[in-house]
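Here is the structure we will look at, set down as structure tokens.
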Amino acid sequence: MKNYKIGLLRGDGIGPEIVDSAVRVLEAVGKKYNIGFTFTPYLIGGAAIDACGEPLPKETVEGCLASDSVLLGAVGGPKWDNLAGNVRPEKALLGIRAAMGLFTNLRPAKLYPALKDECPLRSDIVANGFDIMIVRELTGGIYFGERGYREGKYGEEAYDTEAYSRMEIERIARVAFETARKRNKKLTSIDKANVLETSRLWRKIVHEIAAEYPDVTVSDMLVDNAAMQLVRNPSQFDVIVTSNMFGDILSDEASQITGSIGMLPSASLGESTRGLYEPIHGSAPDIAGLNKANPIATILSAAMMLLYAFDEKEASEAIVAAVDKVLNEGLRTADLARGETKALSTSEMTDEIVKRL
Ligand code: NAD
């Protein structure tokens, strides 16, 4: 029997509750598909500050690097909001991503037909739901470029620069094509090639890499048009690949049009198959410890881990199918329950998903 070592970063707020839900689901699916998991918890965020004075202890980094994959809940909360920047819980997120060499962020935005009413778009636009995977470059571009202040033509000015190397574009393009291969084989590369030199290089290299993936259809779209198309006709997209800043903005736009923050998973990946899997939402301090959080984003993050880290497609799909079933049967946690619908607790929702595996 295969056995995977999973590092658990429960973190703060609702983090421990939702990570424990995902562990229960992984254990159940593991039993069914004969996959073993060894879970080892490590401290991160506010919990780590409380225990040892720093948000990302050395043992946590070493433990994650020694794991086959890592599942994260969320970090942060009002208790640690007034600490200095380098001991803030959120600092641990950048630290762990850098230590693990994660240069890709995979952010799916899926509108489940059963949750159509949550979507802020007109019902005819989303009649069939949508299922988009955004592949965002995570460690290059303008967020990491040269920056500063200087005296300019009009006095004081600030500047940031965007640079992308061939290597950075090639590796993110390959991840995007591989991801498209695992889905509907349709890739949209988003840039601003009518203005930016980095985008022109991006576009050229994406098309070079396309030759290695003749089974994937690739097209280009300018970022301003993409922002519009996401709300005009989101179902036209399958996989999107884009730069760090464009991906930051478009992935938030895409998650908003699903209307349900508690449903969306994500993965951050590097050269090795070991990645960091986490829900896109934060630690929700307002409902922490109340057994009210929606565990589905974290459960779906575990499903992404099975697919992308371990290539356990059947087990991954079984989790997604179980989530589909609970939603289609009208089961809802408090964030999604409307009118007369009884809200299930975190643990009750987890029980229902486990039952349907
Ligand atoms: P948040 O995502 O934690 O919460 C926003 C709203 O969504 C809240 O009303 C919350 O109750 C609700 N919500 C979020 N997840 C939910 C879930 N699974 N089920 C039901 N409701 C859910 O964002 P915020 O309030 O801006 O941030 C709270 C803390 O989380 C801050 O300290 C912030 O820095 C941190 N944060 C951490 C991460 C991370 O760990 N990756 C990401 C974003 C924010």
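The values are calculated or read from the model by the stated rules, or taken from the named source; none is laboratory data. Being a predicted model, the structure only gives us computed values, none of them experimental. With ideal geometry, Cβ positions are generated from the backbone for all residues, glycine too; neighbour counts draw on all protein chains shown. These area figures cover heavy atoms from the full protein model, side chains too; ligands, DNA and RNA do not enter into them. Shrake-Rupley method; radii C 1.70, N 1.55, O 1.52, S 1.80 Å.
Only a single criterion out of (1) more than 17 Å from GLY15 (Cβ to Cβ); (2) within 14 Å of the ligand (Cβ to nearest atom); (3) open to solvent by 10 Å² or more (accessible area, probe 1.4 Å) is not satisfied by LYS79, namely (1).
If you go through the range 58-76 one residue at a time, how many are away from the ligand (no atom under 12 Å from the Cβ) and within 24 Å of LEU264 (Cβ to Cβ)?
Within the range 58-76, the first condition is being away from the ligand (no atom under 12 Å from the Cβ), and the residues that meet it are 58-71.
Those still in the list that are within 24 Å of LEU264 (Cβ to Cβ) too: 64, 67-71.
Selection size over the range 58-76: 6.
Restricting attention to the range 147-174, the residues that are surrounded by 10 or more Cβ atoms within 10 Å (Cβ to Cβ) and at pLDDT 95 or above total 18. Residues in the range 279-296 that are of a type outside the set (Val, Ile, Thr) and within 6 Å of the ligand (Cβ to nearest atom) were compared, and the one that is surrounded by the most Cβ atoms within 10 Å (Cβ to Cβ) is ALA293. When only residues in the range 304-316 that are open to solvent by less than 20 Å² (accessible area, probe 1.4 Å), in a helix (DSSP H, G or I) and in contact (Cβ under 8 Å) with a residue 40 or more places away in the chain count, which is farthest from the ligand (Cβ to nearest atom)? Applying the filter and picking the extreme gives ALA315.
For the subset of the range 20-57 comprising residues that are polar (S, T, N, Q) and away from the ligand (no atom under 11 Å from the Cβ), which member is surrounded by the fewest Cβ atoms within 10 Å (Cβ to Cβ)? Looking at the filtered set, the residue picked out is ASN34.
Scanning the range 89-104 for residues that are surrounded by fewer than 22 Cβ atoms within 10 Å (Cβ to Cβ) and within 8 Å of the ligand (Cβ to nearest atom) yields a total of 1.
Name the residues in the range 58-74 that are buried (at least 17 other Cβ atoms within 10 Å of the Cβ) and either part of a helix (DSSP H, G or I) or not hydroxyl-bearing (Ser, Thr, Tyr) (or both), would you? Steps first, please.
Taking the range 58-74 first, the residues buried (at least 17 other Cβ atoms within 10 Å of the Cβ) are 60-61, 63-64, 67-74.
Selection gives THR60, VAL61, GLY63, CYS64, ASP68, VAL70, LEU71, LEU72, GLY73, ALA74.
Go through the range 212-235 residue by residue and tally those that are farther than 23 Å from VAL195 by Cα and either open to solvent by 50 Å² or more (accessible area, probe 1.4 Å) or β-branched (Val, Ile, Thr) (or both). Break it down into steps so the answer makes sense when it comes.
Initially, the range 212-235 is screened for residues farther than 23 Å from VAL195 by Cα, giving 212-217, 231-235.
Narrowing the set further to residues that are either open to solvent by 50 Å² or more (accessible area, probe 1.4 Å) or β-branched (Val, Ile, Thr) (or both) leaves 212, 214-217, 231-233, 235.
Qualifying residue count, the range 212-235: 9.
Checking each residue in the range 325-351 for being within 24 Å of the chain's Cα centre (by Cα) and over 21 Å from ILE287 (Cα atoms) picks out LYS325, VAL326, LEU327, ASN328.
Could you list, in sequence order, the residues of the range 250-297 that are touching a Phe, Trp or Tyr at 6+ places or on another chain (Cβ under 9 Å) and charged (D, E, K, R)?
Looking only at the range 250-297, we keep the residues that are touching a Phe, Trp or Tyr at 6+ places or on another chain (Cβ under 9 Å), and these are 254, 257-258, 260, 263, 265-271, 273, 275, 277.
Hit for the range 250-297 is GLU271, nothing else.
SER260 - would you say it is open to solvent by less than 40 Å² (accessible area, probe 1.4 Å), within 12 Å of the ligand (Cβ to nearest atom), in contact with a strand residue (DSSP E or B) (Cβ under 8 Å, 6 or more places away or on another chain) and farther than 17 Å from VAL25 by Cα?
Answer is no for this residue.
GLY275 meets the stated requirement of being modelled with pLDDT of 90 or more, surrounded by 19 or more Cβ atoms within 10 Å (Cβ to Cβ) and over 23 Å from ASP117 (Cβ atoms). If you filter the range 328-353 down to residues that are surrounded by fewer than 17 Cβ atoms within 10 Å (Cβ to Cβ) and aliphatic (A, V, I, L, M), you find that the one that is modelled with the highest pLDDT is ALA343. Could you tell me whether the range 8-19 includes any residue that is among the acidic types (Asp, Glu), within 23 Å of the chain's Cα centre (by Cα) and within 11 Å of the ligand (Cβ to nearest atom)? Scanning the range 8-19, I find at least one residue that is among the acidic types (Asp, Glu), within 23 Å of the chain's Cα centre (by Cα) and within 11 Å of the ligand (Cβ to nearest atom), so the answer is yes. Scanning the range 274-303 for residues that are assigned to a helix (DSSP H, G or I), touching a residue at least 40 places away in the same chain (Cβ under 8 Å) and over 15 Å from the mean Cα position of the chain (by Cα) turns up PRO285, ILE287.
Is it true that GLY270 is of a type outside the set (Ser, Thr, Tyr) and open to solvent by less than 30 Å² (accessible area, probe 1.4 Å)? It is true that GLY270 is of a type outside the set (Ser, Thr, Tyr) and open to solvent by less than 30 Å² (accessible area, probe 1.4 Å).
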